[in-house]
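Okay, so here's the structure we're looking at.
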Amino acid sequence: MRTTAMGSTATAATMPPMTDGALHLLLAWASPALPIGAFGYSQGLEAAVADGSVRDRAGVRAFVAAVVMHGGGFVDAVLFAAAHRAVADPARLSDLNMLALAFRATAETRQENAQQGRALLGILLAAYPRPAIRAFAEAQAGAPVALAVVAGLAAAAHGVPLGPALQAFLHALAANLVSAGVRLVPLGQTEGQQALVDLFPCLSRAGARALATAPEDLGISSIRIEEWSMHHETLYSRLFRS
Amino acid sequence: MAGEARIGWSAGGLQSLYQRAPARFLFPEPSIPGHNEAVLVVTSGGLTGGDTLTLAARVGGGASATLVTQAAERFYRVRSGDPDIRVSTRLRVEAGASIDWLAQEAILFDGTRLRRALELDLSTGARVLAVESLVFGRRARGETFATGRVLDVIRVRRDDRLVLHDALAIGDDDPEAFADRFRLDGAAGLATLVYAGPDAASHLPLARALVPPGGGGASAFDDLLFVRLRDADARALRDAVTRAAGALREAVLGLPRDLPRVWAC
């Protein structure tokens, strides 16, 4: 089973070959060293651990799977893809940005989205500039920007193909949540890696479904995850900002 | 069928009215001086493939209004090949005006396909309390919503800026959603309450207190109060919705805690 978990042969066959440059961009953007503050957010996982709902590696894996397949992660995947496709359409990018910011029903996930979006845009302007990125930043003029839209736009502006770019985006999201789980449950570092590997098929499926989902057909069913995000606001002791 | 109903209120009371069967309004005896109230009735008894229901209300001139549906709405199986059922509700509220929209539950029968949208178009300073819920089949009668799909959207725009896009997508060959403890966790239904108003954040402690333990949550952002309720029992969910809607309309709109009489039965 490990080979199917690691590979995505179905999409690999249809993907254009990636240049070394594109691969380096994805590795840099998906790295936990990208300073957008992702490590400070758990999307409600901290509250799920606090009330005993998540207490082991399987629980972390299932929580992250629900986020990526049916929650905010899937929403972001669809909007990432839409932004990638809209790189030459500033009005559409603006609409997608507004939609992505509005597509969060809790205070902390909204803050998480906008803070990371702002941080990523700043890094892109300074270290990975492209005219389309600058134009988007100028159009938003300091107003909040959504992480998924900025990230999708950046990949397109640098000519990184959508399929691999989306997988890298989902990978970073999942790896960040697993890392939060490692600290919260806690799990051993190796167990964390095992949880992450177990998620690879989910990321592949979520990406494929996201590519086939129009923003107007998009919705969530991760109701409990949303509740934990709300409950997190009143947790007595918190390591994470969401 | 294509039901449609439009209503408008202004400082002088009812300003405009349009209704097309099977949708129509009833006007109960006014119980609160200066406050407007209408009951939306859909006489068809339920909706199925290709049916549409379009409702629009406008409140201006500092008026306040309550709009309530007379009964739970039933959404029946949609035959394959037939279009999805579409339900659209649009509430436009001007600064200084207010409305509470108290929709009774939408009961989803097995095999239904529903696209429902509630659009709140607000000016800064407008206030809206909106309540909607979904029930996944009549479980007390051994019925479930096991196949089909619902896309249930609530959108809030303030001065043409989209501030909330809440979309639930449930079903669609995804039966695991109902038992998944990270998703619906056995819920018989879900309810969503949104209050939009400049004082929304100040009511967050009340909203949190109205959520039964382990059955939902509340948050506040961008001059919105957002409450989700969930219960494994449809009757208990309805009780929680009734209690939360009553307490919130009293706190945020100064209206009686008791919901209009049609909610009682």
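Observations
- Among A:213-219, B:93-99, B:47-53, the order from most to least packed when residues are scored by Cβ within 10 Å on average: B:93-99, B:47-53, A:213-219
- Fully extending the segment from residue B:95 to residue B:11 would add 29.0 nm, taking 0.36 nm per residue of separation and subtracting the current Cα-Cα distance.
- Cα-Cα P(r), segment B:167-226, percent of pairs per 5 Å interval: 4, 16, 23, 18, 15, 13, 8, 3, 0
- Just so you know, the averaged projected area of the alpha carbon convex hull for segment B:99-151 sits at 4.2 nm².
- The stretch between residue A:234 and residue A:135, if pulled fully straight at 0.36 nm per residue, gains 31.7 nm over its current Cα-Cα span.
- Principal axes of segment B:20-178: Cα extent on each, largest first, Å: 46, 36, 27
- Volume in Å³ per residue [convex hull over Cα atoms, computed for segment A:70-133]: 80
- Rounded to 5, the percent of DSSP beta bridges in the protein assembly as shown classed as antiparallel: 45
- Here the Karplus relation 6.51 cos²θ - 1.76 cosθ + 1.60, evaluated at θ = phi - 60°, turns the backbone of segment A:203-218 into coupling constants of 5, 5, 5, 4, x, 4, 5, 4, 5, 9, 10, 7, x, 6, 9, 8 Hz, with x for every Gly and Pro.
- Taking all protein chains together and rolling a 1.4 Å probe, residue A:171 ends up with roughly 60 Å² accessible.
- Evaluated at q = 0.09, 0.14, 0.17 Å⁻¹: base-10 log I(q)/I(0), Debye formula over Cα of segment A:52-180: -0.25, -0.59, -0.84
- Prolate/oblate/rounded label for segment B:1-92 (Cα gyration tensor, a/c 1.5): prolate
- Karplus-derived 3J(HN,Hα) values for segment B:77-86, using 6.51 cos²θ - 1.76 cosθ + 1.60 with θ = phi - 60°, are 3, 9, 5, 4, x, 7, x, 4, 6, 10 Hz; glycine and proline are entered as x.
- Around residue A:135: net Lys/Arg minus Asp/Glu count, Cβ-Cβ under 14 Å: +1
- Only the Cβ atoms of Lys and Arg (+1) and of Asp and Glu (-1) were treated as charged; on that basis the dipole of segment A:201-242 about its Cα centre amounts to roughly 240 debye.
- Compared with the alpha-carbon gap, the fully stretched path from residue B:247 to residue B:232 is longer by 3.2 nm at 0.36 nm per residue.
- Prolate/oblate/rounded label for the protein assembly as shown (Cα gyration tensor, a/c 1.5): prolate
- 10 Å Cβ neighbours from other chains, averaged over peptide A:164-170: 0
- Global form of chain A, assessed from the alpha-carbon gyration tensor, a/c cut-off 1.5: oblate
- Equivalent-ellipsoid semi-axes of segment A:140-232, from the Cα gyration tensor, Å, largest first: 25, 18, 16
- Its Cα centre serving as origin, the protein assembly as shown has a Cβ charge dipole (Lys and Arg +1, Asp and Glu -1) of approximately 200 debye.
- Summary of the geometry: segment A:200-214 and segment B:158-229, compared by the centres of their Cα atoms, lie 25 Å apart.
- From most to least packed by mean Cβ count within 10 Å, the peptides A:84-96, A:33-45 give A:33-45, A:84-96.
- Amide N proximity, segment A:26-53 versus residue A:183 label position 7 Å along Cα-to-Cβ, cut-off under 19 Å: A:30-52
- Candidates B:92, B:139, B:113, ranked by Gaussian network fluctuation over chain B, Cα under 10 Å, top entry: B:139
- Annotation for residue B:52 and residue A:190: the two label points, set 7 Å from Cα along the Cα-Cβ direction, are 6.2 nm apart.
- log₁₀ of I(q)/I(0) at q = 0.07, 0.11, 0.13 Å⁻¹ - chain B, Debye sum with one point per alpha carbon: -0.22, -0.57, -0.81
- Taken residue by residue and averaged, Cβ atoms of other chains lying within 10 Å of the Cβ of A:51-63 number 1.
- Peptide B:182-189 shows a mean partner chain C-beta count of 5 within 10 Å per residue C-beta.
The values are calculated or read from the model by the stated rules, or taken from the named source; none is laboratory data. This structure is a prediction, so every number in the text was calculated from the model and none was measured. Note: ideal-geometry Cβ built from the backbone for every residue, glycine included; neighbour counts use all protein chains shown. We work out accessible area using only protein heavy atoms, side chains counted, and drop any ligands, DNA or RNA first. Shrake-Rupley method; radii C 1.70, N 1.55, O 1.52, S 1.80 Å.
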